[in-house]
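First up is the structure itself, then whatever we jot down about it.
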Amino acid sequence: MDHVSHPEIREAVARLCARFPGEYWRGLDRDRVYPTEFVNALTEAGFLSVLIPEEYGGSGLGLGAATAVLEEIHRSGGNGGACHAQIYTMGCVLRHGSPEQKARYLPGIASGKIRLQAFGVTEPTAGTDTTRISTFARRDGDRYIINGQKIWISRAEHSDLMVLLVRTTPREEVKRPSDGMSVLLVDMREAVGNGLTIRPIRTMINHATTELFFDDLSVPAENLVGEEGRGFHYILDGMNAERILIAAECIGDGKFFLDRGSAYAKDRKVFGRAIGENQGVQFPLARAHVQVSAAALMVDHATALFEADQPCGTEANMAKLLASEASWYAADQCLQIHGGFGFAEEYDIERKFRETRLYQVAPISTNLILSHVATHVLGLPKSF
Ligand SMILES: Cc1cc2nc3c(=O)[nH]c(=O)nc-3n(C[C@H](O)[C@H](O)[C@H](O)COP(=O)(O)OP(=O)(O)OC[C@H]3O[C@@H](n4cnc5c(N)ncnc54)[C@H](O)[C@@H]3O)c2cc1C
């Protein structure tokens, strides 16, 4: 089942991950601690700057290289959630930033000196309906003054910069609801305690996610990315990369569960024989393999379109849906095959089971993908 793409990257990532075994992740999970050593190791090895062009100090590779990195992290039993956004959030600056912004930020992001791995979109009252965000940035001379609130903003405490989506014109005053939003780069080092408050949210997984409160936070107008009012479109085109990369993480999770489930089924003896001799145990694993393999092909397809600069929104969404459901099915079967031991922390199954569940909700929930396919692909009437 293994992909042949980027074998040397996969091997190098797998070697690095071997230095961070299950007990490392278990310890962090227990105390909800950020995996600083792991993220530093990935940064030093250059794996988080694969998408940054060489002229800015990155390796200038395509999205497939990044999918290889994240898939291998997840296959090893680790989790890329602590740092995956360092790989792709910079895309907003790369594609829409001014030459000055690129020169100022990208080399630092490539070296890891600047961590740009927070992006603030979701708000408590707007939910998935992003056009209803109400965090507002009011222009005041050469500054923007921001007021509002965000929720589920991951890694905010471990980021030097944040890509923030705000309204700069109220929804009622624009032609299309998606107009009138803008992207600002927020320097977290200056903002925290000066108008920005971060409140961590404890969740069922170790994800360093937070709630943000903006109270007259002042940001230089030169931190506006692209044109005022076009921010929603800038954020949207970064989402395809994000969905493909998250799908690759799900494929890695699926393979982790298949590796562990198959090994356990061969090893565990009950009624005088390996449980894996029973077809009732074999078939769910075989089905999981079929589903993960099919989803992996969809991830490859979406990646190829993305790399060729072709429209890939639908394919990126479909890849994310298939991969998140395949990894969840594999997780459920792997847990079942482990019997009671599936619930024991030391096997890492229950942790990965919790972790892979996220991807049917974030970064976009399954229903919203189905709605996109129904209306944009099948031409069914819009329901909202
Ligand atoms: C751990 C974690 C980390 C996250 N990190 C970030 C981050 O770094 N930055 C960021 O901006 N956001 C982040 N998010 C937010 C995430 O993108 C949202 O949670 C996700 O998009 C779902 O939005 P919501 O929670 O507002 O759900 P809602 O929009 O409230 O939806 C709730 C449920 O209703 C369903 N639903 C809603 N409308 C419809 C409809 N019209 N038809 C059918 N079903 C519908 C949805 O599918 C969903 O199942 C994170 C979330 C989590 C849990």
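Shape class for the stretch 75-163: oblate, because the ratio a/c of the largest to smallest gyration tensor axis (alpha-carbon atoms, square roots of eigenvalues) is 1.5 or more and b/c is at least a/b.
How much length is gained on full extension from Arg273 to Asp187, taking 0.36 nm per residue of separation minus their Cα-Cα distance? All intermediate terms of the calculation are to be shown ahead of the outcome.
Numbers: separation 86, 0.36 × 86 = 30.96 nm, distance 6.02 nm.
Taking Arg273 through Asp187 to full extension adds about 24.9 nm, to one decimal.
If a/c stays under 1.5 just call it rounded; otherwise compare a/b with b/c (prolate if a/b is bigger, oblate if not). Do that for the stretch 1-119, with a ≥ b ≥ c from the square roots of the Cα gyration tensor eigenvalues. Each step should come with its number before you reach the end.
Working: a/c = 2.33, a/b = 1.44, b/c = 1.61.
Oblate is the answer for the stretch 1-119, as a/c is 1.5 or above yet b/c matches or exceeds a/b.
Between Arg19 and Thr375, the modelled label-to-label distance comes to 4.8 nm, taking each label 7 Å out from Cα in the direction of the beta carbon. Determine which lysines satisfy two conditions relative to Lys113: a Cα distance under 21 Å, and not lying fewer than 8 residues away in the same chain. Partners found: Lys102. Once the Cβ-Cβ distance of Asn40 and Asp215 is raised to the sixth power relative to R0 = 30 Å, the FRET efficiency obtained is 0.35.
First select every other residue whose beta carbon is under 11 angstrom from the beta carbon of Arg143; then total the charges, Lys and Arg +1, Asp and Glu -1. Charge balance near Arg143 sits at -2. Given a 1.4 Å probe and the protein chains as shown, Thr203 ends up with an accessible area of around 40 Å². Considering only Ile52, Ile275, Ile246, give the residue with the highest GNM mean-square fluctuation for the chain, with springs between Cα atoms whenever their separation is below 10 Å. Of Ile52, Ile275, Ile246, the most mobile in the Gaussian network model is Ile275.
Computed with every protein chain present, the accessible area of Ser59 is close to 50 Å² [probe 1.4 Å]. Taking a ≥ b ≥ c as the square roots of the eigenvalues of the Cα gyration tensor of the stretch 118-169, is the shape rounded (a/c under 1.5), prolate (a/b larger than b/c) or oblate? Oblate is the answer for the stretch 118-169, as a/c is 1.5 or above yet b/c matches or exceeds a/b.
If you take the Cα centroid of the stretch 183-248 and the Cα centroid of the stretch 122-178, the two points sit 8 Å apart. Taking other residues whose beta carbon is less than 10 angstrom from the beta carbon of Ile133, and scoring Lys, Arg as +1 and Asp, Glu as -1, yields +2.
Please report the antiparallel percentage of the DSSP beta bridges confined to the chain, to the nearest 5. The answer is about 80 percent antiparallel. Shown for the chain: the carbon plus sulfur share of the solvent-accessible area, taken with all protein chains present and a 1.4 angstrom probe, equals 53%.
Helical content alone sets the calculated 222 nm signal of the chain at -15000 deg cm²/dmol, taking -39,500 (n - 2.57) per DSSP H segment of four or more residues and averaging over every residue.
Subtracting the Cα-Cα distance of Asp140 and Ser98 from 0.36 nm times their residue separation leaves 13.0 nm of extension gain. Multiplying the residue separation of Val33 and Asn367 by 0.36 nm and subtracting their alpha-carbon distance yields 117.1 nm.
Please work out how many pairs of lysine residues in the stretch 247-384 are eight or more positions apart (or on different chains) and have Cα atoms closer than 28 angstrom.
Working: Lys255/Lys266; Lys255/Lys269; Lys255/Lys320; Lys255/Lys352; Lys266/Lys352; Lys269/Lys352; Lys320/Lys352; Lys320/Lys382.
Value for the stretch 247-384: 8.
Per residue, the accessible area of the stretch 1-98 comes to 39 Å², computed with a 1.4 Å probe over protein heavy atoms only. For the stretch 338-344, the Karplus equation 6.51 cos²θ - 1.76 cosθ + 1.60, evaluated at θ = phi - 60°, returns couplings of 7, x, x, 5, x, 8, 7 Hz by residue, with Gly and Pro reported as x.
Remark on Ile114: its backbone amide H falls under 5 Å from those of Ile109, a criterion applied only to residues 5 or more positions apart or on other chains, H modelled at 1.01 Å from N. Computed on the chain, with alpha-carbon pairs under 8 angstrom and 6+ residues apart, the relative contact order is 15 percent.
The values are calculated or read from the model by the stated rules, or taken from the named source; none is laboratory data. What you see is a predicted model, and the numbers here were worked out from it, not measured in a lab. With ideal geometry, Cβ positions are generated from the backbone for all residues, glycine too; neighbour counts draw on all protein chains shown. Ligands, DNA and RNA are stripped out before the accessible areas are found, and what is left, the full protein with its side chains, is counted by its heavy atoms. Shrake-Rupley method; radii C 1.70, N 1.55, O 1.52, S 1.80 Å.
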